Amino acid sequence: PEVHLADPAANARVCGRLLAEAERRNVAAVVFPELCLTGYTCGDLFHQERLLAAAEQALGKLLRSSRGKRVVAAVGLPLRRAGRLYNCAAIFQGGRLLGVAPKSYLPSYREFYEDRWFDRGLGLDGTIAVCGESVPFGDRLLFAGDAEFVLGVELCQDLWQVIPPSCHHALAGATVLFNLSASNELVGKAEYRRQLVSGQSARCQAAYAYASSGVGESTSDLVFGGHALVAENGLLLAENQRFAQGNGLLSADCDIKRLAALRRSESAFRAECPDADYRLIRLGPLNQIHRLERAISPHPFIPADSAD
């Protein structure tokens, strides 16, 4: 989405339009960038009550605009709980806020200093009051549409850890992994991100969708390209054009049933013990694909690339 820095109402309108487009395209689930309702580069404005209140109000507007829609969405915003501030992903569907996942690990090195504003959400469990209701809150939430479609969420730096939270999500049953990110651009970093996302999708035998902050962010000491990626079990299915102006929605078809079958058949995945303390939140009916975007090879055992 095209971001309006420190203007949550405008950001909610943009995200609402993209959400409506996703619904028209029968997208099952969509991930937005980190802190997309405020912008990632608000700096010490994150200490301002006015911005925090406006972000929660913007989420409420987005929830209302999603009523009657089947698409599941994860949007980023700062939220307060017990006197602390967290960098969060709010997961909702059909006007209903399903849960809030806080960022587990905060980058505090080189050009990043998130712990100046936020507390890390690692190990947190309970509820949070948002938009007048109490909803599940914590780093061990899964969102289940059916036996195969189970969604787990992590945020940016979480993926760069030695053991990312998405590994635990996958072992607990997540077949779809979302990453709300604000990864800045450096020479060579885009290729590293591709390897990181595709490698994590292979390690977790999952679909992995990644959305990063774009060109509307402040360039005070960082520059953002809006990188978006979708991978499945090591294969990069879709990628956008970085530094594009305006709004964009990247989608891809992921074979969730195939992923579930792979997990049942391969010992590497079954050898690991899943965490028992996850909470499973039920989703409503999901949008269904009517026409595949993905090309299916008539020769699945022979690589299409002649070099391979």
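The table below gives the values:
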| read-out | value |
| --- | --- |
| Selection within segment 254-292 - more than 25 Å from ILE91 (Cα to Cα) and part of a loop (DSSP other than H, G, I, E, B) | GLU266, ALA271, GLU272, CYS273, ARG291, LEU292 |
| ARG84 being at pLDDT 95 or above and either charged (D, E, K, R) or open to solvent by 40 Å² or more (accessible area, probe 1.4 Å) (or both) | yes |
| Tally, over segment 262-282, of residues that are out of contact with any Gly (no Cβ under 9 Å at 6 or more places or on another chain) and either among the aromatic types (Phe, Trp, Tyr) or at pLDDT 95 or above (or both) | 1 |
| Of all residues in segment 173-189 being open to solvent by 30 Å² or more (accessible area, probe 1.4 Å) and of a type in the set (A, V, I, L, M, F, W, C), the one that is farthest from GLY226 (Cα to Cα) | VAL187 |
| Residue pairs meeting the criteria (Cβ under 8 Å; at least 6 apart or on separate chains; first on the phi < 0 side of the Ramachandran plot and assigned to a loop (DSSP other than H, G, I, E, B), in segment 184-205; second open to solvent by 40 Å² or more (accessible area, probe 1.4 Å) and of a type in the set (Lys, Arg)) | GLU185/ARG242 |
| Some residue of segment 104-112 being more than 22 Å from ALA144 (Cβ to Cβ), in a loop (DSSP other than H, G, I, E, B) and open to solvent by less than 20 Å² (accessible area, probe 1.4 Å) | yes |
| Sole exception among (1) open to solvent by less than 20 Å² (accessible area, probe 1.4 Å); (2) on the phi > 0 side of the Ramachandran plot for LEU62, by number | (2) |
| Qualifying residue in segment 73-83 (condition: part of a helix (DSSP H, G or I) and farther than 18 Å from ASP119 by Cα) | no |
| Cβ pairs under 8 Å, 6+ apart, first in segment 108-119 and within 17 Å of VAL223 (Cβ to Cβ), second polar (S, T, N, Q) | GLU111/ASN184; PHE112/GLN157 |
| Every residue from segment 7-45 that is within 21 Å of ARG84 (Cβ to Cβ), surrounded by fewer than 21 Cβ atoms within 10 Å (Cβ to Cβ) and not acidic (Asp, Glu) | CYS42, GLY43, LEU45 |
| Enumeration of residues in segment 1-26 that are assigned to a helix (DSSP H, G or I) and of a type in the set (D, E, K, R) | ARG13, ARG17, GLU21, GLU23, ARG24 |
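Every residue, every condition in (1) free of Cβ contacts under 8 Å to residues at least 24 places away in the same chain; (2) under 30 Å from THR127 (Cα atoms); (3) open to solvent by less than 80 Å² (accessible area, probe 1.4 Å); (4) aromatic (Phe, Trp, Tyr), yes or no:
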| residue | (1), (2), (3), (4) |
| --- | --- |
| LEU222 | no, no, yes, no |
| HIS227 | no, no, yes, no |
| ALA238 | yes, no, yes, no |
| ARG242 | no, no, yes, no |
| LEU259 | no, no, yes, no |
| ILE302 | yes, no, no, no |
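The values are calculated or read from the model by the stated rules, or taken from the named source; none is laboratory data. Treat the numbers as computed from the prediction; the structure is a model and nothing was measured. Glycine also receives a Cβ, built like all others from the backbone with ideal geometry; neighbour counts cover every protein chain displayed. For the accessible areas, the whole protein counts, side chains as well, though only heavy atoms, and no ligand, DNA or RNA atoms are used. Shrake-Rupley method; radii C 1.70, N 1.55, O 1.52, S 1.80 Å.
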